[in-house]
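Reading through the structure tokens given below for one structure.
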Amino acid sequence: MKKTIYLFSFLLFLFADESAHDFGWVAAEENKPIIPNIKFKDLENKKVMLEDFYSKGPILINFWTLSCEPCKKEMKHLSRLNEKYKDSGFQVVSVNMDTPRTIRKVKQFVNSQKYSFKVLSDPRMDLFRKLGGSVMPLVVIVNMDGTIEKRHIGYSPGDEVVLEGEIVEAIISNGLKLPNVSDLESPPASEDGDAKLDSLKTDDKSIDESK
């Protein structure tokens, strides 16, 4: 009698488990955080919502100030990546957090660098703080549904190689097509960059977010 009960319970468990998969009842392994949909002003004082950007394609957001030298070094690479993958719907959204007193200097700096991406102003650091930011540069990659896919703190030469791999993954995972980038100029190679590129080819694990 006990064997019959055990067998029935086992079959019931299998049926329930299979049905759950068939009807999508199985919970996701990981719930990704949603980025707050905050209102910003760009450098022309035009109001925009963050959703205006990620609804069109995955985005990479970087947070910076004029005093952050690592931020400026990283932004040169971000401008190149924005130009390289913009035809796929991807874009870099740059958030400056300097005070209103220095906004003129910010505009002058941005214009002098001729960045290919959009620069927004967040002098109160609202989004930075809501994301738990404390150190710059901070970079997050956001999917088209507003979920945060990746998060990186700090910058070292060669990190841009890892970021490019994650940008490609984000474009593909969001159902978009990669542009034909075979004829585009490749970035200068570095020892750190080569090592991290080899790591991308051989290791599918997410990189450590700490620097």
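Any read-out appearing in this document is the output of simple, stated calculations on the displayed coordinates, not a laboratory observation. What you see is a predicted model; the values in this text were computed from it and never measured. Glycine gets a Cβ as well: all are built from the backbone with ideal geometry, and neighbour counts include every protein chain shown.
Here is how the numbers come out for the structure above:
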{"quantity": "The listed residue being farther than 21 Å from Leu176 by Cβ and assigned to a helix (DSSP H, G or I), out of Glu164, Glu83, Glu74", "calculated": "Glu74"}
{"quantity": "Residues that are in contact (Cβ under 8 Å) with a residue 12 or more places away in the chain, over 14 Å from the mean Cα position of the chain (by Cα) and not in a loop (DSSP other than H, G, I, E, B), drawn from region 52-67", "calculated": "Trp64"}
{"quantity": "Tally, over region 68-79, of residues that are surrounded by fewer than 21 Cβ atoms within 10 Å (Cβ to Cβ), touching a residue at least 60 places away in the same chain (Cβ under 8 Å) and in contact with a helix residue (DSSP H, G or I) (Cβ under 8 Å, 6 or more places away or on another chain)", "calculated": "1"}
{"quantity": "Output for region 104-115, where each listed residue is buried (at least 18 other Cβ atoms within 10 Å of the Cβ) and not aliphatic (A, V, I, L, M)", "calculated": "Tyr115"}
{"quantity": "Top-ranked residue of region 116-155 - restricted to ones that are among the hydroxyl-bearing types (Ser, Thr, Tyr) and touching a residue at least 60 places away in the same chain (Cβ under 8 Å), ranked as surrounded by the fewest Cβ atoms within 10 Å (Cβ to Cβ)", "calculated": "Thr147"}
{"quantity": "Verdict on Arg101 being out of contact with any Ser or Thr (no Cβ under 7 Å at 6 or more places or on another chain), part of a loop (DSSP other than H, G, I, E, B), free of Cβ contacts under 8 Å to residues at least 60 places away in the same chain and not small (Gly, Ala, Ser)", "calculated": "no"}
{"quantity": "Conditions (1) touching a residue at least 60 places away in the same chain (Cβ under 8 Å); (2) buried (at least 21 other Cβ atoms within 10 Å of the Cβ): number failed by Val48", "calculated": "(2)"}
